[in-house]
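K.L.:
Pasting a structure below so you can have a look.
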Amino acid sequence: MKRPLAYIAGTGHAVPKQVVTNADIAAMGVDTNDQWIIERTGIRQRHIAKHGETLASLSAEASRQAMARAGVQAGEIDVIILGTATPDHLLPSTAVEIQTLLGCTRAAAFDVAAACSGWLYAAIVGESLIASGSADTVLVIGAEMLSTIVDWTDRNTCILFADGAGATVLRRSRDRTAAKGVLSSFMRSDGALTELLWRPAGGAAEPFSPEVFEQKRQYVRMAGREVFKHAVRSMAEATDRALDAAKITAADVDLLIPHQANVRIIEATAKHAGISMDKVFVNVDRFGNTSAASIPIALNDAVEQGRVREGTTVLFAAFGAGFTWGSLVARF
Ligand SMILES: CC(C)(COP(=O)(O)OP(=O)(O)OC[C@H]1O[C@@H](n2cnc3c(N)ncnc32)[C@H](O)[C@@H]1OP(=O)(O)O)[C@@H](O)C(=O)NCCC(=O)NCCS
């Protein structure tokens, strides 16, 4: 096992005030029902932004909490990395807007696009910047406003996706004998299957136009069953690879915090890894699939519930559009 160079010093999360239940979605005229959604996904409710709540404002709120818990001042942040698929603006990055809201005047700030693996990819980049000596303190955020890119008449997608932000502060380990910190990580992508989960228009290849809006090509499209299969396979690979790299086994893991896509994908991942469900953190029932935000929201939720404490070994695993997938083992 490598000596950890960086550790997660603080966590925070923020979600929109508005709660939308499964019954609320059915009441909007979507042909679905509470029982179907719970059985197929495990989701009972989600938070959806209203006017005034932006990706940057939620991210800043989550970040302030994480920085306070880490005991870090705005001026100490060297780099801000935001994982997101739903930036507030296409230009510039939302990370620079967050920087301004937080007053992190000496930080470099940028976004990472890796869909639901966004926080995980951003955390690995942050750890690498610390390992290379480029940074000591990195604010790593995962945040989404998926409600803005979902077709609210498409029952395949609108029941799943939601809004929220999660933040973590990564710091250089000063104690050379410290056992806490990032023990291993793994990341992988496969762009051959992009069209199974994507947003066809709105980018440079197909800018917004009347035809785009008419055909609803600005919204997320998903082949649910195919995505499900790939998610289970990739999450399984991800858990194996991070455990191998950390030279630990599933028995050493105190808590698995997987991407909160769907409770059935989470159960399949846990089963493959040989981790019992009492050691798996699930909050998809309350937050839905918040993509890049789901792991840092779940981590902060787990911290607040006392399920992540000093000494806890956590295995994180993510999967998302791209496809992208990855994993990380950290001891707290
Ligand atoms: C989307 C998902 C929940 C659908 O579940 P599924 O078991 O694959 O369901 P299917 O698409 O096969 O549909 C089964 C039936 O339910 C119906 N159905 C689909 N969506 C429905 C909804 N929201 N409400 C009610 N019925 C629905 C279908 O029309 C179908 O009916 P039929 O049997 O009469 O044809 C599931 O495929 C999934 O979780 N995929 C992964 C999605 C994901 O996690 N994406 C993000 C990855 S980061």
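K.L.:
Show that you can apply the helix-only estimate: for the chain, add -39,500 (n - 2.57) for every DSSP H stretch of four or more residues, divide by all residues, and state [θ] at 222 nm to the nearest 500.
P.N.:
Taken over the chain, the calculation gives -10000 deg cm²/dmol.
K.L.:
Working out 0.36 nm times the residue gap between ALA68 and LEU90, then minus their Cα-Cα distance, what length gain in nm do you get to one decimal?
P.N.:
4.9 nm
K.L.:
Next question. Taking every DSSP beta bridge with both residues inside the chain, roughly what % is antiparallel (nearest 5)?
P.N.:
Of those bridges, close to 70 percent are antiparallel.
K.L.:
Among all stretches of the chain without exposed trypsin sites (Lys or Arg not before Pro) (DSSP loop, at most 14 other Cβ atoms within 10 Å), which one is longest?
P.N.:
In short, 107-173.
K.L.:
Hydropathy first: keep DSSP H helices in the chain averaging at least 1.0 on Kyte-Doolittle, then drop any whose Cα extent along the axis falls short of 18 Å, and list what survives.
P.N.:
Helices passing the filter in the chain: 118-132.
K.L.:
Can I ask one more? Pulled fully out, how much extra length does the chain show between ALA251 and LEU193, if you take 0.36 nm times their separation in residues and subtract their Cα-Cα distance?
P.N.:
Value of the extension gain: 17.5 nm.
K.L.:
Moving to a separate point now. List the lysines whose Cα sits under 27 Å from the Cα of LYS229, skipping any in the same chain fewer than 8 residues away.
P.N.:
Within the straight-line cut-off, LYS229 pairs with LYS216, LYS271, LYS279.
K.L.:
Further question on the same structure: Rounded to the nearest 0.05, what FRET efficiency is calculated for ASP136 and ALA23 with R0 set to 35 Å and r the Cβ-Cβ distance?
P.N.:
It comes out at approximately 0.15.
K.L.:
So, by mean Cβ neighbours within 10 angstrom, what's the order for 80-92, 24-36 with the highest one leading?
P.N.:
So the order, starting with the most tightly packed, is 80-92, 24-36.
K.L.:
Now a separate question. Residue separation times 0.36 nm, minus the C-alpha to C-alpha distance between ASP34 and HIS51: what's the value?
P.N.:
3.5 nm
K.L.:
Express in whole angstrom the spacing between the alpha-carbon centres of region 144-188 and region 22-77.
P.N.:
Between the Cα centre of region 144-188 and that of region 22-77, the gap is 12 Å.
K.L.:
Just want to confirm a number: the relative contact order over region 194-332, from Cα pairs under 8 angstrom separated by 6+ residues, in percent.
P.N.:
This gives 27 percent for region 194-332.
Throughout, read-outs are computed from the coordinates displayed, never taken from laboratory work. Note that this is a predicted model, so its numbers are computed, not measured. Note that each Cβ is placed from the backbone with ideal geometry, even for glycine, and that neighbours are counted across all protein chains shown.
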